[in-house]
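*Asks:* Got a structure for you, questions after.
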């Protein structure tokens with residue numbers, strides 16, 4: 001019973017760690033190199049980068065309309 005619970009916890013923790021990467025990859029806020037930079041930031045810096053992504057992305061506005 002303990003081994004199954006431990007494995008379940010590892011799977012849940014892995015999913016929680018990958019969730020921000022999946023959300024960024026599925027988002028239409030950014031594209032191309034900027035999206036890659038955000039994904040790398042989340043992988044190497046952790047959840048703080050994902051929070052900044054949700055608050056700041058996109059870094060530059062391509063439409064010419066102020067945010």
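Each value in this text was obtained by applying a stated rule to the coordinates, not by laboratory testing. Computed from a prediction, not measured in an experiment: that's the story for all the values here.
*Asks:* Can you tell me which of 49, 13, 57 moves the most in a GNM of the chain? Springs connect C-alpha atoms under 10 Å apart.
*Replies:* 13
*Asks:* Now, a different point. Relative to the longest principal Cα axis of the chain, at what angle does helix 2-26 sit, 0 to 90 degrees, rounded to 10?
*Replies:* Approximately 10 degrees, to the nearest 10.
*Asks:* Over segment 1-42, one equal point on each Cα, no solvent: what is log10 I(q)/I(0) by the Debye formula at q = 0.20 Å⁻¹?
*Replies:* Once normalised to I(0) and log-transformed, intensities are -0.62.
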